[in-house]
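> Structure below; questions to follow.
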Amino acid sequence: MRFAIKTFGCKVNQYESIGIATAMRKAGFTEVYDEKTAEIVIINSCSVTGTSDKKACHEIEHIRKINESSVIVLTGCFPQVFPDEAEKTGADIVTGNSKKEKIPAIVEDYLHKREKKLEVSELPKIYEGIELERKDEKTRAFIKIEDGCDRFCSYCIIPYARGRVRSRSLDSICEEVMGCVENGQKEIVLVGINLSCYGKDTGKNLADAVEAVCGIVGVERVRLSSLEPELLDEGMIKRLSEQPKLCPHFHLSLQSGSNGTLKRMNRRYTAEEYYEIVCNLRKYFKNPAVTTDMMVGFAGETEEEFTESCNFAEKVGFSKIHVFSYSIREGTAASKRTDHISEQVKNERYKILSAIDERLHKEFLASQTGTIQSILVEKPKSEDYANGLTANYTPVRVYGSKAKRHSIINVRIIGAENGYCIGEEI
């Protein structure tokens with residue numbers, strides 16, 4: 001039978017969807033990429049916001065319209081946190097975030113009995129791996145090394161969806177990375193739900209994982225996905241900087257530049273402490289890019305606090321900001337607050353901070369002019385140019401280059417336009 005997977009949410013979900021597909025193929029199912037022709041459709045859901053839940057529900061409705069007879073599997077964070085609501089959707093099978101490699105067996109049981117199944121189990125206490133067979137040839141490989149979060153920020157449901165911090169063994173990480181190298185992938189991206197906390201439960205830390213992966217022959221770049229700030233002290237940053245393969249791009253989640261707002265969010269740092277981390281990154285890494293997430297309109301955010309947040313973004317000089325508006329997430333501490341901000345005010349603040357982001361991004365791209373960079377060439381979109389990303393995650397277009405995908409070439413940045421830099425091969 002044919003199956004297709006629809007993935008919502010973070011890079012961890014994307015990684016796990018590859019694992020689900022691997023398990024399905026090993027069980028004898030055939031993967032397709034068109035939901036209309038799939039007899040089984042697996043939805044790997046996100047639940048970071050209420051809108052995320054709605055996307056999964058709408059996808060189920062969409063599938064029923066285009067392929068009424070298909071078997072629909074709803075898995076991931078939405079059913080893990082809200083199993084009763086998930087069961088009320090049109091999905092035939094509802095599972096959570098545990099033992100996703102068992103989805104083929106659950107599907108086969110359903111096909112035999114044709115009885116709706118709800119199988120959401122308790123999350124494991126230790127890291128739970130899933131086998132991956134990478135059929136594609138993506139330029140970079142995502143490697144999940146950590147699951148769970150212990151932080152319980154007041155707006156966030158993820159600790160309930162993913163459980164406590166669990167770290168993968170270094171041996172297991174390295175084994176998968178070596179397979180990626182054999183597959184021709186030169187850049188490894190380490191991902192996790194709270195990546196900064198890697199090793200908290202095993203006596204290791206993030207630097208241990210980075211050093212292990214950087215030491216593998218054939219790996220040319222190692223990149224970190226989104227990081228929480230708390231554990232990045234100067235010693236950790238200095239140690240990371242001693243790995244020349246580690247890319248100097250740090251997506252360091254901020255959420256707000258106001259200490260008052262950060263406290264209500266239950267974030268465990270101040271704006272001053274965050275700024276010190278950024279200064280240390282710039283002290284130990286050459287030409288780093290620092291990107292972030294910033295939320296506008298969190299419960300109780302005053303005009304003064306929003307202004308503080310904007311001024312802080314300017315002070316840091318982020319190379320890119322992912323701006324988003326706060327939305328109430330049922331089940332969190334913040335959802336019980338009575339000082340929520342109107343949608344009109346949120347929209348106004350979103351526009352203001354987005355304009356700051358646009359200007360800072362242009363300034364960062366312009367600052368790269370005149371530098372010599374290496375880029376990892378991606379899948380060609382035109383015969384006229386090659387696209388790629390520098391180590392600090394700057395998108396570069398090189399006209400006239402015949403460089404092949406997966407190759408790393410040196411370029412001189414000669415300008416910037418339309419959200420990317422222009423490079424000439426040297």
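> Kindly provide the set of residues from segment 1-28 that are in contact with a helix residue (DSSP H, G or I) (Cβ under 7 Å, 6 or more places away or on another chain) and either within 26 Å of residue 114 (Cα to Cα) or in a helix (DSSP H, G or I) (or both), ordered by number.
In the first step, residues of segment 1-28 are kept if they are in contact with a helix residue (DSSP H, G or I) (Cβ under 7 Å, 6 or more places away or on another chain); the result is 3, 5-9, 16, 19-20, 23-24, 27.
Passing the criteria: 3, 5, 6, 7, 16, 19, 20, 23, 24, 27.
> So, one more: In segment 200-222, what residues are without any contact (Cβ under 8 Å) to a residue 40 or more places away in the chain and either crowded, with 21+ Cβ neighbours inside 10 Å or of a type outside the set (D, E, K, R) (or both)?
Scanning segment 200-222 gives 202, 203, 205, 206, 207, 210, 214, 215, 217, 222.
> Answer yes if at least one residue in segment 238-252 is farther than 23 Å from residue 12 by Cβ, among the hydrophobic types (A, V, I, L, M, F, W, C) and either surrounded by 22 or more Cβ atoms within 10 Å (Cβ to Cβ) or modelled with pLDDT of 95 or more (or both), and no otherwise.
Looking through segment 238-252, none of the residues is farther than 23 Å from residue 12 by Cβ, among the hydrophobic types (A, V, I, L, M, F, W, C) and either surrounded by 22 or more Cβ atoms within 10 Å (Cβ to Cβ) or modelled with pLDDT of 95 or more (or both).
> What single numbered condition from (1) outside the structural domain of residue 155 (by TED's automatic domain parsing); (2) in contact with a helix residue (DSSP H, G or I) (Cβ under 7 Å, 6 or more places away or on another chain) fails to hold for residue 349?
(1)
> Follow-up. Would you please list the contacts, defined by Cβ atoms under 7 Å and residues six or more apart or on different chains, that run from a residue in segment 339-350 that is free of Cβ contacts under 8 Å to residues at least 60 places away in the same chain and surrounded by fewer than 13 Cβ atoms within 10 Å (Cβ to Cβ) to a residue that is assigned to a loop (DSSP other than H, G, I, E, B) and of a type in the set (Gly, Ala, Ser)?
Short answer, once both residue conditions are applied: 339/299; 339/300.
> Then there is this: May I ask you to say which residue of 424, 358, 348 is assigned to a helix (DSSP H, G or I) and either hydrophobic (A, V, I, L, M, F, W, C) or more than 26 Å from the chain's Cα centre (by Cα) (or both)?
On the way: 424 fails: assigned to a helix (DSSP H, G or I); 358 fails: either hydrophobic (A, V, I, L, M, F, W, C) or more than 26 Å from the chain's Cα centre (by Cα) (or both).
Matching residue, one of 424, 358, 348: 348.
> Just to verify a result, which residue in segment 223-235, among those that are buried (at least 16 other Cβ atoms within 10 Å of the Cβ) and of a type in the set (Asp, Glu), is modelled with the highest pLDDT?
This residue is 228.
> Is segment 98-110 home to any residue that is in a loop (DSSP other than H, G, I, E, B) and of a type outside the set (Ser, Thr, Tyr)?
Scanning segment 98-110, I find at least one residue that is in a loop (DSSP other than H, G, I, E, B) and of a type outside the set (Ser, Thr, Tyr), so the answer is yes.
> Further question on the same structure: What about residue 264, is it assigned by TED's automatic domain parsing to the domain that holds residue 196, buried (at least 20 other Cβ atoms within 10 Å of the Cβ) and not β-branched (Val, Ile, Thr)? Let's see the steps before the verdict.
Values: assigned by TED's automatic domain parsing to the domain that holds residue 196: yes; buried (at least 20 other Cβ atoms within 10 Å of the Cβ): yes; not β-branched (Val, Ile, Thr): yes.
Yes, satisfied.
> Residues that are assigned to a helix (DSSP H, G or I), in contact with a helix residue (DSSP H, G or I) (Cβ under 8 Å, 6 or more places away or on another chain) and of a type in the set (Val, Ile, Thr): does segment 160-183 have at least one?
Initial filter on segment 160-183 (assigned to a helix (DSSP H, G or I)): 160-162, 170-182.
Applying the additional criterion that residues be in contact with a helix residue (DSSP H, G or I) (Cβ under 8 Å, 6 or more places away or on another chain) yields 160-162, 170, 173-174, 177.
Keeping just the survivors that are of a type in the set (Val, Ile, Thr) gives 173, 177.
Scanning segment 160-183, I find at least one residue that is assigned to a helix (DSSP H, G or I), in contact with a helix residue (DSSP H, G or I) (Cβ under 8 Å, 6 or more places away or on another chain) and of a type in the set (Val, Ile, Thr), so the answer is yes.
> Which residue, of 145, 103, 93, 188, is surrounded by 14 or more Cβ atoms within 10 Å (Cβ to Cβ), at pLDDT 95 or above, out of contact with any Cys (no Cβ under 8 Å at 6 or more places or on another chain) and within 19 Å of residue 216 (Cβ to Cβ)?
Working: 103 fails: within 19 Å of residue 216 (Cβ to Cβ); 93 fails: within 19 Å of residue 216 (Cβ to Cβ); 188 fails: out of contact with any Cys (no Cβ under 8 Å at 6 or more places or on another chain).
Checking each option against the conditions leaves just 145.
> Here is a list: 277, 328, 321. Which entry is over 23 Å from residue 47 (Cα atoms) and either in contact with a Ser or Thr (Cβ under 8 Å, 6 or more places away or on another chain) or not in a loop (DSSP other than H, G, I, E, B) (or both)?
Working: 328 fails: over 23 Å from residue 47 (Cα atoms); 321 fails: over 23 Å from residue 47 (Cα atoms).
Answer to the selection: 277.
> Another one. Which members of segment 29-52 meet the condition of being assigned to a loop (DSSP other than H, G, I, E, B) and free of Cβ contacts under 8 Å to residues at least 60 places away in the same chain? Working first, answer last.
Narrowing segment 29-52 to residues assigned to a loop (DSSP other than H, G, I, E, B): 29, 32-39, 46-49.
Of everything in segment 29-52, those that are assigned to a loop (DSSP other than H, G, I, E, B) and free of Cβ contacts under 8 Å to residues at least 60 places away in the same chain turn out to be 32, 33, 34, 35, 36, 37, 38, 39, 46.
> Can you tell me which residues in segment 247-272 are at positive phi and out of contact with any Phe, Trp or Tyr (no Cβ under 7 Å at 6 or more places or on another chain)?
Of segment 247-272, the ones at positive phi are 255, 266.
Listed by number, the list holds a single entry, 255.
> Please give the number of the condition residue 189 fails out of (1) within 22 Å of residue 408 (Cβ to Cβ); (2) in contact with a His (Cβ under 8 Å, 6 or more places away or on another chain).
(2)
> Additional query: Anything in segment 137-175 that is more than 30 Å from residue 50 (Cβ to Cβ), charged (D, E, K, R) and in contact with a strand residue (DSSP E or B) (Cβ under 6 Å, 6 or more places away or on another chain)? List them, or say none.
Scanning segment 137-175 gives 140, 168.
The values are calculated or read from the model by the stated rules, or taken from the named source; none is laboratory data. No experiment lies behind these values; they were computed from the predicted model shown. Note: ideal-geometry Cβ built from the backbone for every residue, glycine included; neighbour counts use all protein chains shown.
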